[in-house]
Amino acid sequence: MRIKRFDPENDVKGVFRDYDIECDPNDRVLDALNTIKWYHDGSLTYRRSCAHGICGSDAMRINGRNRLACKVQVSEVGRKVTIEPLMGYEVIKDLIVDMDKFFDAYKRVKPYLIASDPPAQAERLQSPADRARYDDTTKCILCAACTTACPITWTNDQFVGPAAIVNAHRFIFDSRDEGASDRLRILNQQSGVWRCRTIFNCTDACPRDIKVTQAIEEVKRALMVEAL
Amino acid sequence: MAYHRFDAVIVGAGGAGLMAAIQMAGKANVAVVSKLYPPRSHTGAAQGGVAAALGNTEEDHWEWHMFDTVKGGDYLVDQDAAEILARESIDAVIELEHMGLPFNRTPEGKIDQRRFGGHTRNYGEGPVRRACYAADRTGHMIIQTLYQQGIKHNVQFFDEHFLLDVLFAADGACCGCVTWDLRTGEINVLHAKAVLIATGGFGRVYKITSNAMAGTGDGVAIPYRRGIPLMDMEFYQFHPTGLYKLGILLSEAARGEGGILRNNLGEAFAGRYAPLLKDLAPRDMVSRFIHQEVKEGRGIDGKDYVHLDLTHLPAELIDAKLPDVTDFARTYLGVEPKTEPVPVQPTAHYAMGGIPTDNDARVIGDEHATVIPGLYSAGESACVSVHGANRLGTNSLVDLIVFGRRAGKHMLEFVRTTGFSELPPSPDALPQAEIEAVMSQPRGENAAEIRERMQTLMMDNVSVVRDAAGLESARAETQELKRAYRHVGVSDRGKVFNTELMEALELGYMLDCAEAIIEGALSREESRGAHYRTDFQTRDDANWLAHTLVSKTSGGLQIRKKPVKITTFEPKERTY
């Protein structure tokens, strides 16, 4: 494995280190990283938790593509693997990047239900069809794989990025929500959806198979309809 | 060292911690500390559903839910707590919907419900649809929804801060905690009137587990080190259907939707053991059925696993209701569940035991339920006890939202009427010394090796089936590992994200959890729920209808008993 190392305290600034380790083909890339950390080099640093693709901690570049290390098996990536941190955010140490910008962008789109008083002691009603309308974007695990795969994000640090738009979409198309116009106004700004150039990197990167580009297009269309 | 002061500090940003935080947000000065980012908490891994007797698809009553919880817990459940759980889950689920949780819906637009293990109609007559769900990612939707609410209410989060200690004033009241900012390496003292421990479980003490790598019992071990007892630690749930070798959870919802367990003869064996509920018998039982099949040579290929068969289910149903779990089988085992059976084995899943609390999540310090002022716990780290000797599927999420909410409400009242206790002198001295000890070992023991030995011995001797000889040897080896741990060292000398040091400290916490599990299991000479002793195969209500409290004392570990509260349902034999 070739791993890009960065240690702010020891003047190691983005150099590749090679590690030869034995793996089972069914091992996850995360298992291989753990083997290195636990038995070869304890200073190797990365985020991880659930180890099965649902917590969103271990997004990183694996052979040049944004993946979750726990959702890729060694057999898929071959005998030589190159691992780098996500692009576009400041590297703090090895594979750990600063996520502040990511969560700040997420918070800008008001990612919570905005709705007036619900019925007392009963759920709001929502038809299965209305529920299905935003199902795809509820799957987001905030791993940042999409946002850091987007070339626009690399060069424009004002752009909210695909993940924030996905989370706005999740509420804009929820029949119970009343905050759509507010969110659409935010996404209609300079930093919003119009920066998207439909490159599809986000969709390719999503470990949850969310149709990210489609969600962004649906938000654009909602803005057009509103403008009319 | 940095000093902060809050009315209340919540440690752990899973379902219980966030539910509590939302009760207090805007009404008190509250901080939430997590060693992860909050939406990465392990609540997000929960799949199948959250039980509430809404009766949306068929008749149901909270009294039936309460009964199932008590019976499922093999009558070790405190029944006053079970009543609260079953009654208040109805309101709490509605509250989640009001917060925006995207539940699946019935044709009329109500929250849809499905079957789950051990949940029955009319006190055990047959399965009932009680689990409210959002596909097979109910936990994901809960953690996302609660985090969204946290943002909405401007909750102050300390992300990627690791718990090092809980602080007590001279009079014994809790007065804050010490955390370590992983990003900078700085130690923080959080002075508070109340602290809620909601750090979840410790499944990582076992080799095969569904738990996240973060599930290392930090918040459970620290109070235990400070003399607070742990309750019912011997009851550790093994979920019957973990992916073979990996332990990744395949939701019980797979069986709730019609999936069947089969042995190497293709036989649906669960009905032989549980004629009425079959594959939907409670988890402790189904895990033992699998253990027995394997022991009698009917594991697949003579190995220690069986098959979960979904091939007879309609493909559309699998796609609509079980998309994530079937994706796990494809991703990690290369098995297509629509056409092939999935290899599964029991996986360490959930701690019924933990920090003893009353029904308002206040931590209690002894068998007389003496409250420790200012200290609270809720969720998997706590033991109320609503799960008794075995938790029913979906009741973990119910526990989080019901008792997380109660914790938040009670803490809000508490901080409004209570002042700050004085911090002990040099509040960070102890954790600083612990860190220094690890950092200064030139060529210390390797934490990973100690951890692997612990995980293997817990799996071999303290899992689905136990006996005195195995437990005695586990006890001896754990003490040996604890001795080795005193010399654990790290190669990373840095301050910034020293996750090697973090993992070493987590190992120390896990060894304490393992010690308490073993001690409880040795003391309890009967079989009940998830605790099955081959040398004491029956339940012994005369001697053991009681909770165990294990505590560290100057004279070593001490076990005491605490009576079970029985209000409605007299203990009966547990058959399904």
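Looking only at the stretch B:261-289, residues that are of a type in the set (Ser, Thr, Tyr) and either in a strand (DSSP E or B) or buried (at least 20 other Cβ atoms within 10 Å of the Cβ) (or both) come to 1 in all. Where residues in the stretch B:48-73 are of a type in the set (D, E, K, R) and either in the same structural domain as B:Glu526 (by TED's automatic domain parsing) or surrounded by 24 or more Cβ atoms within 10 Å (Cβ to Cβ) (or both), which of them is farthest from B:Glu97 (Cα to Cα)? Step by step, filter the stretch B:48-73, then rank; the result is B:Lys71.
Only residues that are outside any strand (DSSP E or B), hydrophobic (A, V, I, L, M, F, W, C) and closer than 18 Å to B:Met1 by Cβ were counted in the stretch B:174-221, giving 1.
Taken over the stretch B:84-104, the criterion of being buried (at least 21 other Cβ atoms within 10 Å of the Cβ) and of a type in the set (D, E, K, R) is satisfied by B:Glu97 alone. Here the stretch A:102-134 is the region considered, the condition is being among the aliphatic types (A, V, I, L, M) and not in a loop (DSSP other than H, G, I, E, B), and the residue that is farthest from the other protein chains (Cβ to nearest Cβ) is A:Ala105.
For the stretch B:431-463, a residue qualifies if it is assigned to a loop (DSSP other than H, G, I, E, B) and either surrounded by fewer than 21 Cβ atoms within 10 Å (Cβ to Cβ) or modelled with pLDDT under 95 (or both), and the qualifying residues are B:Ser440, B:Gln441, B:Pro442, B:Arg443, B:Gly444, B:Asn446.
For the stretch B:248-297, taking the residues that are under 21 Å from the mean Cα position of the chain (by Cα) and acidic (Asp, Glu), the one that is nearest to the other protein chains (Cβ to nearest Cβ) is identified as B:Glu252. When we screen A:Arg61, A:Arg108, A:Arg79 for residues that are surrounded by 15 or more Cβ atoms within 10 Å (Cβ to Cβ) and out of contact with any Lys or Arg (no Cβ under 9 Å at 6 or more places or on another chain), the only hit is A:Arg108. If you check B:Val363, B:Val386 for being over 30 Å from A:Asp41 (Cβ atoms), modelled with pLDDT of 95 or more and part of a strand (DSSP E or B), only one passes: B:Val363. Taken as a whole, the condition of being in contact with a helix residue (DSSP H, G or I) (Cβ under 9 Å, 6 or more places away or on another chain), facing chain B (nearest Cβ under 10 Å) and either under 22 Å from A:Ile199 (Cβ atoms) or hydrophobic (A, V, I, L, M, F, W, C) (or both) does not apply to A:Asn156. Scanning the stretch B:193-233 for residues that are under 20 Å from B:Ala389 (Cα atoms) and over 14 Å from the mean Cα position of the chain (by Cα) yields one hit, B:Pro229.
The set of residues from the stretch B:231-260 being touching an Asp or Glu at 6+ places or on another chain (Cβ under 9 Å), buried (at least 24 other Cβ atoms within 10 Å of the Cβ) and part of a strand (DSSP E or B) comprises B:Gln237, B:Phe238, B:His239, B:Pro240, B:Thr241. Could you say whether any residue in the stretch A:162-182 is farther than 27 Å from A:Ala129 by Cβ, more than 17 Å from the chain's Cα centre (by Cα), part of a helix (DSSP H, G or I) and not acidic (Asp, Glu)? Taking every residue of the stretch A:162-182 in turn, none turns out to be farther than 27 Å from A:Ala129 by Cβ, more than 17 Å from the chain's Cα centre (by Cα), part of a helix (DSSP H, G or I) and not acidic (Asp, Glu).
Comparison of A:Thr148, A:Thr137 shows that the only residue that is more than 11 Å from every other protein chain (Cβ to nearest Cβ) and crowded, with 24+ Cβ neighbours inside 10 Å is A:Thr148. Filtered by the rule that a residue be surrounded by fewer than 16 Cβ atoms within 10 Å (Cβ to Cβ) and either assigned to a loop (DSSP other than H, G, I, E, B) or free of Cβ contacts under 8 Å to residues at least 12 places away in the same chain (or both), the stretch B:521-548 gives B:Glu525, B:Thr534, B:Asp535, B:Gln537, B:Thr538, B:Asp540, B:Ala542.
The values are calculated or read from the model by the stated rules, or taken from the named source; none is laboratory data. It should be emphasised that the depicted structure is a prediction, and the values quoted were computed from it without experimental measurement. In this analysis, Cβ positions are derived from the backbone assuming ideal geometry, glycine residues included, and neighbour counts consider all displayed protein chains.
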